[in-house]
1. Before we move on, is Ala30 in contact (Cβ under 8 Å) with a residue 12 or more places away in the chain, loosely packed, with under 10 Cβ neighbours inside 10 Å and not acidic (Asp, Glu)?
2. What's the total number of residues in segment 14-27 that are of a type in the set (Gly, Ala, Ser) and exposed (fewer than 15 other Cβ atoms within 10 Å of the Cβ)?
3. Got a sec? Which of Asp51, Asp64 is at pLDDT below 95 and not basic (Lys, Arg)?
4. Looking at segment 1-21, is at least one residue in a helix (DSSP H, G or I) and of a type in the set (Val, Ile, Thr)?
5. Can you run down the residue pairs with Cβ atoms below 7 Å, 6 or more apart or on separate chains, where the first is in segment 48-71 and among the aliphatic types (A, V, I, L, M) and the partner is at pLDDT below 85?
6. Might you let me know whether segment 46-67 holds any residue that is assigned to a strand (DSSP E or B), surrounded by 15 or more Cβ atoms within 10 Å (Cβ to Cβ) and either of a type in the set (A, V, I, L, M) or in contact with a strand residue (DSSP E or B) (Cβ under 8 Å, 6 or more places away or on another chain) (or both)?
7. Considering only residues that are under 10 Å from the mean Cα position of the chain (by Cα) and either of a type in the set (A, V, I, L, M) or not in a helix (DSSP H, G or I) (or both), which ones fall in segment 22-37?
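The values are calculated or read from the model by the stated rules, or taken from the named source; none is laboratory data. On a predicted model such as this, the values are computed, not experimentally measured, just so you know. For neighbour counting, all protein chains shown are included, and Cβ atoms are generated from backbone atoms with ideal geometry for every residue, glycine included.
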Amino acid sequence: MNKRIIYQTDNGGVAVIIPADCGLTVRQIAEKDVPTGKPFKIVDQADIPADRSQRAAWVVDPADLTDGVGA
């Protein structure tokens, strides 16, 4: 699966969920696994920086998190 789910953490960082191929859609996984009330965005794997050395510095504009909300 080449999609990733991102959402903003409580401290302003970015959480990345790598969905498993489990019979659910990516949206269903996001609604299930993103914390309740947190908006999320489904992005292509290529949109996530490959260099994880600066991962703590990743940010996301909350206005871009438009694909749904954790249930």
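1. Judged against the criteria, Ala30 is not a match.
2. 2
3. Answer to the check: Asp51.
4. Within segment 1-21, not a single residue is in a helix (DSSP H, G or I) and of a type in the set (Val, Ile, Thr).
5. Pairs found: none.
6. no
7. The answer is Ala30, Val34.
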